[in-house]
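See below for the structure under consideration.
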Amino acid sequence: MIDLAPRTSPLNVEDAMHVIRRTTLHPTWAAAAAIVGKTPVEAVNALIDAVEPPPTPPSWAGTPPEFNDFAAAAKLWPELQQWWMNRAITLPSLRERLVMMWQNTFSTDYITVYAGQWMVKQSQTIRAQAFDFKALATSMVSDPAILRYLSGDQSIKGNPNENFAREWFELFTLGVGNYSERDVVEAARAFTGWRISGNDGVYNRGLADLGEKTILGQTGSWEWGDVVRITFEQDACARWVARKLLMTFVEFAPSAEDIQAVAELVKQHSYDLKPVLRTLLVSNHFFDPARRGALIKSPADLVVGLASVLNATNVDRTYAISSMTKLTQEPYYPPTVEGWKGHHAWITSSTFPQRQRYAESFIDGRQTGSSSKLTDSAGAPLTPDVVALIRSLPNNDDAVKVVENVTKLLLPIPTTQEQRDVLLEIMLAGAQVYEWDINAQSAVQRVKFLLQAIVRMPEFQLM
């Protein structure tokens with residue numbers, strides 16, 4: 001049975017790292033240290049209540065899409081990806097974690113949508129309404145990117161397109177098994193009438209099917225807003241949201257009992273996720289040691305997270321994006337309408353060694369598997385200052401403590417004494433413990449040895 005009672009004891013370093021890993025893309029020692037000693041309620045409230053101005057949209061975001069000029073339209077796509085990366089890599093934020101979750105839910109890709117302007121608009125809407133699921137889902141009905149991606153802008157009375165209605169139930173609100181094929185057919189009629197004008201979805205009631213329909217057991221002359229209302233009256237909708245939150249923040253395969261308990265919170269708070277997260281993220285369930293390391297890092301967590309840990313967030317954005325792409329998570333280009341499946345799907349016989357090489361090379365200031373140097377966003381050489389990382393940790397003059405603290409920083413589950421002994425030997429490279437000196441010239445290479453050994457460990461792929 002899920003224990004949603006709040007954990008009341010102050011956070012230690014391991015607890016704080018767990019909170020930061022799960023709620024942001026920036027699992028740094030400084031972020032964890034800032035909440036050590038606070039109660040979970042204090043730490044989580046600060047994350048939820050953080051005031052974050054929205055990112056400045058690209059200069060072209062409000063311009064008309066270039067449907068007759070492919071080169072002009074395609075030029076915006078990498079700029080769109082860099083716009084997202086700039087935000088993700090510079091702002092430690094719970095909201096941005098939710099943005100990733102919802103963008104993978106209301107999945108669209110820049111090739112199908114074509115208009116970069118619409119992709120930016122969808123991202124802005126998701127970011128603004130990330131904590132209010134009912135408002136967000138309602139906004140997605142008229143979102144131009146979603147309309148184009150699912151052919152909702154081609155659905156009219158007498159010729160309804162079922163794509164949006166199907167995904168509305170299956171992927172956006174209820175989940176498989178909680179609606180019928182007849183519900184899809186009838187809802188598709190109710191979702192007719194949408195068109196895109198400029199950068200906006202516009203409802204043309206004259207093109208909508210206003211006839212009688214039966215949807216999820218309710219009969220009437222329903223229009224699109226009625227489908228939204230009826231959907232959110234279903235208990236399955238709250239369960240769907242609860243499952244999504246548990247999979248994102250706690251564990252990938254939550255039990256039906258755990259889902260139901262969180263669903264009760266979702267219903268109680270009318271799909272306002274802030275009070276739900278204030279309960280979930282401070283709960284004994286969230287802090288249960290069995291849930292630590294229970295998720296696999298996404299490529300975004302790996303790429304953005306490592307850059308933040310090494311204070312190298314000024315890394316060239318194109319390289320960061322291409323690295324995510326090679327690891328199968330190209331921003332704004334999910335593989336299917338279902339988005340990225342995540343978790344186990346991130347790790348294959350191909351991507352696991354690629355992940356290791358990426359991290360090892362980054363630590364060394366090189367591009368993956370290459371002698372080419374990393375560069376920053378201005379094109380200058382970028383070498384992560386690994387010694388500065390160690391200096392930021394307590395007891396950095398003690399080799400044993402250095403290993404202990406670095407493993408707490410980089411690994412979500414406790415290491416054994418045997419593992420730490422091996423890592424200590426790797427770092428010292430034949431020297432004695434008492435010979436460790438953070439100020440010695442040899443410290444740079446020794447720290448690299450330690451960091452690279454840790455990122456080769458399977459546990460580094462967990463969070």
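None of the figures in this text is laboratory data; all of them are computed from the coordinates on show. Just so you know, these numbers come straight off a predicted model, no measurement behind them. Ideal geometry is used to build each Cβ from the backbone, glycine not excepted, and the neighbour counts take in all protein chains shown.
Compute the relative contact order of segment 387-461 as a whole-number percentage, counting only Cα pairs closer than 8 Å that sit 6 or more residues apart in sequence. Mind dumping the intermediate values first?
On the way: 65 pairs, mean separation 28.3, N = 75.
For segment 387-461, the relative contact order is 38 percent.
Please go through the residue pairs K341/K448; K326/K408; K38/K297; K297/K373; K75/K274 and name each one whose alpha carbons sit more than 31 Å apart in this structure.
Working: K341/K448 33 Å; K326/K408 28 Å; K38/K297 26 Å; K297/K373 25 Å; K75/K274 37 Å.
Over 31 Å apart, Cα to Cα: K341/K448; K75/K274.
What is the spin-label model distance, in nm, from E418 to D49 if the labels are put 7 Å beyond Cα along the C-beta direction?
4.7
Before rounding to the nearest 500, sum -39500 (n - 2.57) across all DSSP H runs of length at least 4 in the chain and divide by the residue total; then give [θ] at 222 nm in deg cm²/dmol.
Working: 23 runs with 231 residues, N = 463.
Taking each H run of at least 4 residues, the total per residue is -14500 deg cm²/dmol.
Among W436, V402, S392, which residue has its Cα positioned farthest towards the positive end of the charge dipole of segment 387-461, with +1 placed on the Cβ of Lys and Arg, -1 on the Cβ of Asp and Glu, and the dipole taken about the Cα centre?
Checked the options; the winner is S392.
In terms of the Cα gyration tensor, with a ≥ b ≥ c the square roots of its eigenvalues, is segment 387-461 rounded because a/c is under 1.5, prolate because a/b exceeds b/c, or oblate? Working shown, then result.
Values: a/c = 1.63, a/b = 1.46, b/c = 1.12.
It is prolate, given that a/c is not under 1.5 and a/b is the larger ratio.
Neighbouring Cβ atoms within 10 Å as the yardstick, rank R355, R87 fewest first. Kindly include the intermediate steps, with their values, before the conclusion.
Values: R355 24, R87 18.
In order of increasing Cβ crowding within 10 Å: R87, R355.
Note down the nm distance, to one decimal, between modelled labels 7 Å out along Cα→Cβ at T383 and at Q441.
1.3
If you average the sequence gap of Cα pairs under 8 Å that are 6 or more apart and divide by the length of segment 299-384, what percent do you get for the contact order?
30
Return the FRET efficiency for the residue pair E264, A33: r is the Cβ-Cβ distance, R0 is 35 Å, and the value is rounded to the nearest 0.05. Walk me through the intermediate numbers first.
On the way: r = 35 Å, r/R0 = 1.01.
The value I calculate is 0.50.
D235 to T336: FRET efficiency via 1/(1 + (r/R0)^6), r the Cβ-Cβ distance, R0 45 Å, to the nearest 0.05?
Working: r = 28 Å, r/R0 = 0.61.
After rounding, the FRET efficiency stands at 0.95.
Taking the Cα-to-Cβ direction at M457 and at H343 and moving 7 Å from each Cα, how far apart do the two end points lie in nm?
2.4
List the relative contact order of the chain as a percent without decimals, with contacts defined as Cα pairs under 8 Å and 6+ residues apart. The partial results should precede the final answer.
Details: 711 pairs, mean separation 76.5, N = 463.
Rounded, it is 17 percent for the chain.
Can you give the Kirkwood hydrodynamic radius for the chain, in Å, rounded to one decimal and based on Cα pairs?
Working: mean 1/r = 0.0421 Å⁻¹.
Its Kirkwood hydrodynamic radius stands at 23.7 Å.
Using the number of other C-beta atoms within 10 angstrom as an exposure proxy, rank T125, T348, T173 with the fewest first. Intermediate values should be presented prior to the final figure.
Details: T125 20, T348 11, T173 24.
Neighbour counts put them in this order, fewest first: T348, T125, T173.
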